[in-house]
Amino acid sequence: MPRLRKLRIRAPGGSYPVLIGSGALGELPALLDGGERPSRLHVVTDRRVARSHGDRVERLLGRTGLPLSRTVLPPGEGSKSFAQLERILRDAVRAGADRRALLIALGGGVVGDVTGYAAASLLRGVPFIQVPTSLLAMVDASVGGKTGINLPEGKNLVGSFHQPRAVVIDLDVLATLPPREARAGWAEIIKTAAIRDESLLGLIESESAALLGGEPSLLARVVERCVRIKASVVEADEREAGLRMVLNFGHTLAHGIEAAQDYGGLLHGEAVAVGMAFAARLGEALGRTPRGTAERLERLIAAYGLPARVAHLPFERVWQAMSRDKKRGPRGLRWVLLARAGEAMIAADVPEADARRELRKFLADARTQRRRRSRA
Ligand code: GLY
C-alpha cells in the first residue's frame, strides 16, 4: 500500500491527525480503537455518496464491533438546513446516542458542515470524524473545525467551531466524484495558493494537465500542501479573529451569489472562483493588487474549467446577501484582497461606494461577455 501522509493539527479546540493518501479509509477501524473508545457510531452521508461508498465504509466500521446507525441526506447545499440538522439529531438520539457516541461525516463540504454542527449541538457536544469525499472538502472544509448551516438570509449564518477528532482523506474516493464537483474543488486549491503560496500557484499553473488527469502522487502532494497551509492558519487563529479571514478570499461575493441563487445555482467552488476573480479585480481597481494579477488568476480559473463571471444576477440581491457577511466590521465589509499573487491582506477600509461600483461593473461584464459570445 502506498505511504500515507500524516500530519497533525494543533488548534486550541483540539489536536487531531489528518491522514492523506490512497487507501486511507482502511485506517478508520484503528483510529476508532485508539484513544477513548466511542459507545456507538452514527454515520451521516448523502444519497449519492452512500451509493458509491456507504457499504464499504460501514463494513470497515463494522470491524470495530460498535453499534452503528445512519442518516442519509439529500445531496446538495439545501441540506445545510435546520430541517436536515434536526433529522440527524433525532436519528442519533433515537438510535441511542449518549455523550460517548461519535458522528462520522462521510461526504463533501455540505455533509461535513451540517454533521459537525450536529456533533457540536448533540448533548452539548459529541466527537466526530471527517471523511471528506470531495476534493473541496479534502483541501478546505474538513479541516479547521468550522461547522454550520445556512439561512435563507445568508450562507453559514448559524454554526459553531467544533474540531473533529480526526480527518481521513482517501484520494481513491475521488474516482467517483462527478466531473463538475471535481472541478469545483480546484477553486479552493487555487484560493489556498493565491493567498499564501506563490510556488504552489506556479505548480498548479504548470502541472494543470497532470493534476486534472488525476496523477496520484502529484495530487497527494498538492492536497497535503493545502492542508498544511490551512493548518498553519487555523493553528494561529482558530476562531477567525484576524488571520483566518484570509481563507475567505473570494468568499464574500461567493456567499452573496449562493444566497441570491437560493443555494441552487453555482456550486460553492464555482461561486468562489467568480468571487476570487472579483476580489482580484477590486484590488486592482483600488490600487492594492498589482496589475495583471486578476488576469493571471482568471487564466488559471479557466484552465481548471471554472467560471470567472456569473450572469443574470441582480446587483441589489447579491449586495444585500453580501452585506450580512460574518466578516463585516464596524466600518462595513472587510474584504480579502491580494497584496500580490501568493499573499492576501484584509482590507477593512474599502469605501462601500467603490465596492458597489466595481461589483456593478463586474456583474455587467458577464452580461456583455455573454452577448459578445452569442453574436460570435
Ligand atoms: N473555509 C474557510 C475556513 O475554514 O476558515
Query raised in the report: Any idea what the relative contact order of the chain is, in percent, if you count C-alpha pairs under 8 Å spaced at least 6 apart?
Result: 15
Report task. First check a/c for the stretch 253-308, with a ≥ b ≥ c the square roots of the eigenvalues of its C-alpha gyration tensor; if it is under 1.5, answer rounded, and if not, answer prolate when a/b is larger than b/c or oblate otherwise. Result -> oblate
Query raised in the report: Between the stretch 66-106 and the stretch 166-189, what is the C-alpha centre distance in whole Å?
Result: 22
Report summary line: Over 21 Å (Cα to Cα) among Lys146/Lys361; Lys191/Lys326; Lys230/Lys326 -> Lys146/Lys361
Requested in this report: Could you pull out every one of the aspartates and glutamates with an alpha carbon less than 17 Å from that of Lys6, ignoring same-chain neighbours closer than 8 positions?
Outcome: Glu27, Asp140, Asp170, Asp172, Glu224, Glu235
Query raised in the report: Reachable aspartates and glutamates from Lys155, Cα under 14 Å, same-chain residues fewer than 8 places away excluded?
Result: Glu77, Asp113, Glu258, Asp262, Asp325
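Between Asp55 and Gln320, what length in nm is gained on full extension when 0.36 nm per residue of separation is reduced by their alpha carbon distance?
91.1 nm
Taking all protein chains as present, what is the carbon and sulfur share of the accessible area of the chain, in % to the nearest whole number, probe 1.4 Å? The partial results should precede the final answer.
Values: 7540 of 15210 Å².
That share works out to 50 percent.
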Query - Net charge dipole size for the stretch 1-136 [Lys, Arg +1 and Asp, Glu -1 on Cβ; Debye, nearest 20] - result: 200
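Would you mind working out the magnitude of the charge dipole of the stretch 229-376 relative to its Cα centre, with +1 at each Lys and Arg C-beta and -1 at each Asp and Glu C-beta, to the nearest 20 Debye?
Charge dipole of the stretch 229-376: 680 debye, to the nearest 20.
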Query raised in the report: Tell me, what is the per residue accessible area of the chain in Å², probe radius 1.4 Å?
Result: 40
Query - Selected from Val43, Gln320, Thr64, residue furthest toward positive end of dipole (the chain; charges at beta carbon) - result: Gln320
Query - Shape of the stretch 259-376, Cα gyration tensor, a/c cut at 1.5 - result: oblate
Report task. Mind pulling the per residue volume of the convex hull built on the Cα atoms of the chain? Å³ is fine. Result -> 129
Requested in this report: With a ≥ b ≥ c taken as the square roots of the eigenvalues of the C-alpha gyration tensor of the stretch 1-153, please select rounded if a/c is under 1.5 and otherwise prolate if a/b is larger than b/c or oblate if it is not?
Outcome: rounded
**Report entry** Among Ala105, Pro307, Gly21 the positive-end extreme of the charge dipole of the chain (Cβ point charges)
**Finding:** Pro307
Query raised in the report: When the dipole is taken about the Cα centre of the chain, and only Lys, Arg (+1) and Asp, Glu (-1) are charged at their Cβ, what size is it in debye, to the nearest 20?
Result: 440
Query raised in the report: If you keep only loop residues by DSSP, which trypsin sites (Lys or Arg not before Pro) in the stretch 236-285 have at most 16 other Cβ atoms within 10 Å of their Cβ?
Result: Arg239
Requested in this report: Rounded to the nearest 10 degrees, what's the angle between the helix 352-375 long axis and the longest principal axis of the chain, both from Cα atoms, 0 to 90?
Outcome: 90
Query - Ordering of 178-185, 164-171, 88-95 by packing [mean C-beta count within 10 Å, highest first] - result: 164-171, 178-185, 88-95
Query raised in the report: Which parts of the stretch 312-339 would a label at Ala348 reach, counting a residue when its backbone N lies under 12 Å from a point 7 Å out along Cα-to-Cβ?
Result: 328-335
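Could you work out how much longer the chain between Leu68 and Leu243 gets when fully extended? Use 0.36 nm per residue separation minus the Cα distance between them, nm to one decimal. Write out the running numbers ahead of the final one.
Values: separation 175, 0.36 × 175 = 63.00 nm, distance 3.91 nm.
Full-extension gain reported as 59.1 nm.
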**Report entry** Spin-label pair Arg37/Arg331, simplified geometry with 7 Å Cα→Cβ offset, distance in nm
**Finding:** 5.8
Report task. Treating the angle as unsigned and between 0 and 90°, give the value, to the nearest 10°, between the Cα long axis of helix 268-285 and the longest Cα principal axis of the chain. Result -> 30
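The values are calculated or read from the model by the stated rules, or taken from the named source; none is laboratory data. Because the structure is predicted, anything quoted here is derived from the model rather than measured. Here the Cβ is made from the backbone with ideal geometry for all residues, glycine too, and neighbour counts use every protein chain on show. What goes into the accessible areas is simple: the full protein's heavy atoms, side chains included, and nothing from ligands, DNA or RNA. Shrake-Rupley method; radii C 1.70, N 1.55, O 1.52, S 1.80 Å.
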